[in-house]
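What follows is a set of notes on a single structure, which appears directly below.
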Amino acid sequence: MTKRSKYEQEQRKLQTVRVKEIEAAWLGSLPADRAKAFVAAVEVARNRPPTPPRENMAPGTRPNPPRPGHEPKVPKEERPRRPRD
């Protein structure tokens, strides 16, 4: 966790208070029906469940397949070497 000086902590608290004042003033400037619709939309977004984790894929693979003609090369088959006479 980042350590912050007391001055920085106080500045952050003041900023938080100021932002809340600005948000309240902005919300108060909206017509009542639009303000209610905005608050309802925010609640819906906050109550939305988190996105599920992506399917288990090998590290470094992209979720989309390669373009035609750009497929990865198939490794060559290893043939046993013949011993020399």
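Being touching a helix residue (DSSP H, G or I) at 6+ places or on another chain (Cβ under 7 Å) and loosely packed, with under 10 Cβ neighbours inside 10 Å is the filter here, so list the residues in the range 21-57 that pass it.
none
Would you confirm, using the coordinates I've provided, whether Arg4 is open to solvent by less than 100 Å² (accessible area, probe 1.4 Å), basic (Lys, Arg) and out of contact with any Gly (no Cβ under 6 Å at 6 or more places or on another chain)?
yes
Working only within the range 4-34, note down all residues that are small (Gly, Ala, Ser) and assigned to a helix (DSSP H, G or I).
Listed by number, the residues that qualify are Ala24, Ala25, Gly28, Ser29, Ala32.
Could we say that Gly60 is on the phi > 0 side of the Ramachandran plot and without any contact (Cβ under 8 Å) to a residue 40 or more places away in the chain here?
yes
Can you tell me which residue is nearest to Glu23 (Cα to Cα) among those in the range 42-85 that are small (Gly, Ala, Ser) and in a loop (DSSP other than H, G, I, E, B)?
Of everything passing the filter in the range 42-85, Gly60 is nearest to Glu23 (Cα to Cα).
The values are calculated or read from the model by the stated rules, or taken from the named source; none is laboratory data. Computed from a predicted model, the values in this text were never measured in an experiment. Positions of Cβ are backbone-derived with ideal geometry, glycine not excepted, and every protein chain shown enters the neighbour counts. Each accessible area value is taken on the protein alone, full model and side chains, heavy atoms only, with ligands, DNA and RNA left out. Shrake-Rupley method; radii C 1.70, N 1.55, O 1.52, S 1.80 Å.
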